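Below is one structure; the comments refer to it alone.
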């Protein structure tokens, strides 16, 4: 028997959960590696809990499959990975402040830098610890978020190399219109390369330069430079529907919830808040234990679909905080405890993250990030459940190892 009784009980007691296919993550990483080509380093972006997929577990798969770097948004995310045992280089893509320097040094993290005050504190803490800390210079080319404009970047590059305990390992920028405005994309590309050339003309070496996120790697592989940093691709999703099929990716996330109540109406009834759906005698309504607090947007009220027993059914009424109602026709086809697939495949049918994003009017990035906030995560390898993340302490990730596979 593959699952222990303890783990069966762990899974069964929860009414909603995410299933993460770690084999799909590995497949997608190798698709990225092939797309990047020989001699190009790969940074797997695992910020926001790996886009809701579980950063420690995803990072472990990426490290085992040969990722060169990991990318996160915050120092806390980087420390979580170090505490989990991840040893490969981790770049903080977002901002850091001077008082975070001691932890950056203690945990051997690589920060993005664009502030002289932070540099000075990093240098002091690195010297104090007897370490050399690698940094990546963030250059502003038109995103308007983080980074220094090219002329200011030259001065900061000079400052970095003047500090004996700091190493300028990389320089990067972020494109704001990689999947939409090619003309502006090429302007950013030109501004970044010009800035890098100016820095190198000063005799300053930059081992890694990088601009290629998933959208760039798929649609503009000529801009990959010598390091790429895909995020969304790793999770089997495409930044833009027009990119589908250009790289073979496998969705890694499924979202499931149990039916907690089924009723066949004896008289007309308005369903949920504001009675936006009118049900009639004989209608069968099933209540699922998932709502907008679980990342299933209220905008899906009277619009969403779920899969139950391999068939598609409509969400009716307003989505509640912790539940939603589904119209199952006139015949009672399900019972409490049955599993509904909200995202993923059941039988021959599938509801994708992109389907939901289109209905909500947003991007798939947002959908998976929101889904990952509340749920227990069940991790699968070789089609079998291998690990279950526990939530005893949000700051600590424990694993239940399951023998037999």
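A few remarks follow.
- Total residues in the stretch 130-155, condition modelled with pLDDT of 95 or more and at positive phi: 1
- Pairs where the first residue, in the stretch 199-219, is within 16 Å of residue 169 (Cα to Cα) and not assigned by TED's automatic domain parsing to the domain that holds residue 40 and the second is at pLDDT 95 or above and not in a loop (DSSP other than H, G, I, E, B), C-beta under 8 Å, 6+ apart: none
- The single residue among 59, 64, 73, 31 that is modelled with pLDDT of 95 or more, touching a helix residue (DSSP H, G or I) at 6+ places or on another chain (Cβ under 9 Å) and buried (at least 21 other Cβ atoms within 10 Å of the Cβ) turns out to be 59.
- Selection count, the stretch 180-198, where residues are touching a helix residue (DSSP H, G or I) at 6+ places or on another chain (Cβ under 7 Å) and either free of Cβ contacts under 8 Å to residues at least 12 places away in the same chain or surrounded by 22 or more Cβ atoms within 10 Å (Cβ to Cβ) (or both): 1
- Residue match in the stretch 258-271 (condition: surrounded by 17 or more Cβ atoms within 10 Å (Cβ to Cβ) and not in a strand (DSSP E or B)): no
- Criterion applied to 204, 160 was being more than 29 Å from the chain's Cα centre (by Cα), under 17 Å from residue 134 (Cα atoms) and in a helix (DSSP H, G or I), and the one residue passing it is 160.
- Complete set of residues in the stretch 219-239 that are modelled with pLDDT under 95 and not in a loop (DSSP other than H, G, I, E, B): 219, 221, 222, 223
- Put simply, of 66, 71 the only residue that is under 15 Å from residue 51 (Cβ atoms), in contact with a strand residue (DSSP E or B) (Cβ under 9 Å, 6 or more places away or on another chain) and in contact (Cβ under 8 Å) with a residue 24 or more places away in the chain is 71.
For every residue, the table says whether it meets (1) free of Cβ contacts under 8 Å to residues at least 40 places away in the same chain; (2) under 21 Å from residue 339 (Cβ atoms); (3) crowded, with 22+ Cβ neighbours inside 10 Å.
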residue: 276; (1), (2), (3): no, no, no
residue: 282; (1), (2), (3): no, no, no
residue: 286; (1), (2), (3): no, yes, yes
residue: 289; (1), (2), (3): no, yes, no
residue: 309; (1), (2), (3): yes, yes, no
residue: 316; (1), (2), (3): no, yes, yes
residue: 320; (1), (2), (3): no, yes, no
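- In the stretch 290-303, the count of residues that are outside the structural domain of residue 52 (by TED's automatic domain parsing) and farther than 30 Å from residue 234 by Cβ is one or more.
- Any hit, the stretch 240-251, residues being in contact with a strand residue (DSSP E or B) (Cβ under 9 Å, 6 or more places away or on another chain), at pLDDT 95 or above, outside any loop (DSSP other than H, G, I, E, B) and surrounded by 13 or more Cβ atoms within 10 Å (Cβ to Cβ): no
- One residue stands out in the stretch 280-310 among those that are in a loop (DSSP other than H, G, I, E, B) and more than 28 Å from the chain's Cα centre (by Cα): the one that is nearest to residue 353 (Cα to Cα), namely 309.
The values are calculated or read from the model by the stated rules, or taken from the named source; none is laboratory data. This is a predicted model, so every value here is computed, not measured. Glycine also receives a Cβ, built like all others from the backbone with ideal geometry; neighbour counts cover every protein chain displayed.
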